[in-house]
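A short worksheet on the structure shown next.
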Amino acid sequence: KFSLLFLNKDEDRRINISINTYDENGNQIIPENNTRLETSFVSLTGRTCSQYLENENNILMAFVSNKNNYFSNILYLQKIDQSGNLLYAKEGRYLKSYGSYGEIRDIVINNNGFVFVSYYFSQDNSLKCDVFNQNGEFVKTYILDYESDCFCSVQHKLTTDGILIGLFNRNTETIKIYKINENEFLWESPISIELSDTMSLEFQLT
């Protein structure tokens, strides 16, 4: 089975999440029509990430809400089954408010349900990654890069034993790729590629 999550805007301009679930032949099985979840405060412009947890047969979803404040960047966690039933409280589990000092660049959830949030931290001009477990508890912070800026872009790729996190720092014209899990760096040092003439460069981990 696989599921699709959608963002929908109501007449009152609130953003809701709905879900459709299909079998391996592409036939919609749960529900007959997409089910709107009770979560009604997702930011349309914020990051949203979901991951199917095979050992629990449900979906873990992390999303940013601005709660009518553009600069709040509040991060929440929600668990649902493939019928769209909420398994946490209505408004999800609060993780962290990044305020105006932490601009979220990427969110990824691994197969064990740990949430990785990459963000630009303006107070020391760095790029960091916070890790939370599926109960919303903080685990640790990775420092990925210094001399960063608000235009630094981040990509990720799940592997069988960890996550590749790649970043492009336009200030230093450098791409760095780290391999981490919820506990530690898995490579002694990152792959580092220095570039030149990169004003419009983007990259993708595949």
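You can think of it this way: the chain between Glu202 and Asn85 has 38.3 nm of extra reach, that is 0.36 nm per residue less the Cα-Cα gap. A Förster distance of 25 Å, applied to the separation of the beta-carbon atoms of Asn55 and Thr141, puts the FRET efficiency at 0.40.
Taking all protein chains as shown and a probe of 1.4 angstrom, Glu182 keeps an accessible surface of around 30 Å². Taking amide H as placed 1.01 Å from N in the peptide plane, Leu186 has its amide H under 5 Å from the amide H of Lys179, Ile180, Asn181, each at least 5 places away in sequence or on another chain. Rounded, prolate or oblate for the range 121-195? Axes are the square roots of the Cα gyration tensor eigenvalues, ordered a ≥ b ≥ c, and the cut-off for rounded is a/c under 1.5. Since a/c reaches 1.5 but b/c is at least a/b, the shape of the range 121-195 is classed as oblate.
Computed from backbone phi, the HN-Hα couplings of the range 114-122 come to 8, 9, 10, 10, 8, 8, 7, 9, 5 Hz, rounded to whole numbers (Karplus: 6.51 cos²θ - 1.76 cosθ + 1.60, θ = phi - 60°; Gly and Pro given as x).
Using only side-chain charges placed at the Cβ, +1 for Lys and Arg and -1 for Asp and Glu, the dipole size of the range 135-199 relative to its Cα centre rounds to 160 debye.
For Asp106, the amide hydrogen comes within under 5 Å of the amide hydrogens of Ser118, counting only partners 5 or more places away or on other chains and with H modelled in the peptide plane.
The values are calculated or read from the model by the stated rules, or taken from the named source; none is laboratory data. Small disclaimer: the values here were computed from a predicted structure and weren't measured. Please note: Cβ atoms are built from the backbone with ideal geometry, for glycine as well, and neighbour counts cover all protein chains shown. Note: accessible area is taken over every heavy atom of the protein model, side chains too, but ligands, DNA and RNA are not part of it. Shrake-Rupley method; radii C 1.70, N 1.55, O 1.52, S 1.80 Å.
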